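Read the figures in this text as sums done on the coordinates, not as results from a lab. The structure displayed is predicted, hence computed values, not measured ones. Cβ atoms come from the backbone with ideal geometry, glycine included; neighbour counts cover every protein chain shown.
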Amino acid sequence: MNRILISFLLCLFSINLFAQQPVSEKPRILISTDIGGTDPDDNQSMAHLLLYSEQFDIEGLVSSPSYGTGSTSEIFRMIDLYEKDLPKLQKHSSGFPNPDYLRSITKQGRKGNAPYSGVTTSTEGSDWIIRCAKKEDQRPLWVLVWGGLEDLAQAIHDAPEIQENIRVYWIGGPNKKWSANSYAYIAAHFPNLWMIEVNSSYYGFFSNNQQPDVIKTTDYYEKHIQGAGHLGKDFKSYYDGEIKMGDTPSLLYLMDGDPNNPLRESWGGSFEIISRSSRVVYDRMTTLADTVAYCTVIEFQLEGPEIHVPSDSMVFWMEVPYGDSKQIWPGYYLGNGKYALKYSPKQAEILRYNFTSRIPGFPTGEGELLVSNLWPGKPNETDYRLGPNWYTDSSDPNLYDGKLQGGKTILKWRNDILMDWSERWEWLRE
C-alpha cells in the first residue's frame, strides 16, 4: 500500500512539475509576420493563433516580409476563414476576438529587408508597434516576430523609449539571415532590449531529429484536422497538411507558466542568458581556415574605388549556392571607397560565396567559410555586447535535437501540444 501511495504522489509531483502550467495574466501580444511570403508555415501558425485567440489580448497583426511577397491581404484572408468558424468556437469558450477588430489592427509594415544601416523610414506597421507599446497598461507588450526585424527596429529607432514597455520573442535562424542589417542595428544600439532570440530551438517542433525540415511521416492532418471547419480545409494548402508551424513556439511560450522567466521549462522552449552576440568582421575573402558560429553576423568591410552614389546604395552582391539555384544578398557603398555587407548563416555548413559587381575595380571573387553549430561560439572582439535580458537557445549538449541546438526543449512537448490543439479542431468538426 505504501508503495502505491508513493507512486501516486510521485505521479502527482511529475504532473505538477512538467505539465502545462497556468499563465498568471492574459498576455498582450503583437504579431509581426511574413505570412504570404515564400514559407507557408506562417499560415499554419496563424491558424493556431486564431484557434487559441481568446487566450491573448491581440493588439496588432503586422505584415513584415523582409523577404518574399507577404502582405496584409493574406492576414485578412485568414481572418475571413476564422469568422466563418467563429460560431462553433464560441460554443466552447468566451473571449474570442471580433473579426472586425482583428481587421482593424492589421497593418502593413516594410516590404523587403532594410539597407546596411538597419533602418529607413517609418511604416504603418512600425508606427502601430509604437502606438501599442505606449498604451497605458501595467502588462508588457509581447512583440512576437515571425519574420524579419525591420518594423521592430524602425519602431525602437523612432521611439527609443518603448523598449522599456516591450518584450520580444523572435524566431531567428533563417529570418536572421534575411534580416541581418536590422538585427545588427538592434544589437548594437539597443542591447538592453528584453529579447528571446530563438535561432534553432523552434526546429524541435517539426524536426525529423537531424535536419531542419518538415515532418514527412505524421498523419496528424488526417486524424485531427481534416473536415474541421474552414480553417481545417485551408490547412491542407500548406505542406499538404504536414505540420511545420515554426513560429508557433512564440505563442506556446506565452500559454505555459511564467513568461517572465525564460530559464524555466515551457511549451515554447527553455533558454539561457547570453552577454554577447557573435559578430565577425573581415576585410578580405575568407577561406576554410576561418570558422564562425551559425547565426553569427558576418560583416565584410571592403576597400574599392570611390564612386559618386548616395551612401547606403546597393552596388555589389553576394551570391550563395542554394540547391539548384542561388540566393543573392546586397552589399552597400558607405562612401570614401568603403563597401560593406552583412550576412548570417542559418546552420552549420561549409559556406561558399561569390562577390559580384558592375563597378570597375571592385574586389570581386570567391570565398569559403566553415560554420559550426554552437551559438554564439567563441568570443570575438567585435561581438555585440548585450545587456542582462537577452536570452537564446540552450547550449546544453544534452538538449540538442540531433544537430539542432536547444531543439529538445520544445521537442519534448510536441505530442502534448498537438493533442491539446486537436481538441480545438474537434470544436470545428461538430
Original post:
Stokes-Einstein D for the stretch 355-430 at 25 °C, 0.890 mPa s, Kirkwood Rh over Cα pairs, in µm²/s?
Top reply: 140
Original post:
Local charge sum around GLU150 (other residues, Cβ-Cβ under 12 Å, Lys/Arg +1, Asp/Glu -1)?
Top reply: 0
**OP:** Kindly state, to the nearest 0.05, the FRET efficiency for SER325 paired with SER93, given R0 = 45 Å and r defined as their beta-carbon distance.
**Re:** 0.50
Original post:
Over the Cα atoms of the chain, how large are the radius of gyration and the largest Cα-Cα distance (Dmax), in Å?
Top reply: 22.2, 87
**OP:** May I ask for the net charge around VAL119, where only other residues with Cβ less than 13 Å from the Cβ of VAL119 are counted and Lys, Arg are +1 while Asp, Glu are -1?
**Re:** -3
Original post:
At 222 nm, what helix-only mean residue ellipticity would the chain give, in deg cm²/dmol to the nearest 500, using -39500 (n - 2.57) for each DSSP H run of four or more?
Top reply: -8000 deg cm²/dmol
**OP:** Under 13 Å from the Cβ of GLU366, count the other residues' Cβ atoms, weight Lys and Arg +1, Asp and Glu -1, and hand me the total.
**Re:** +1
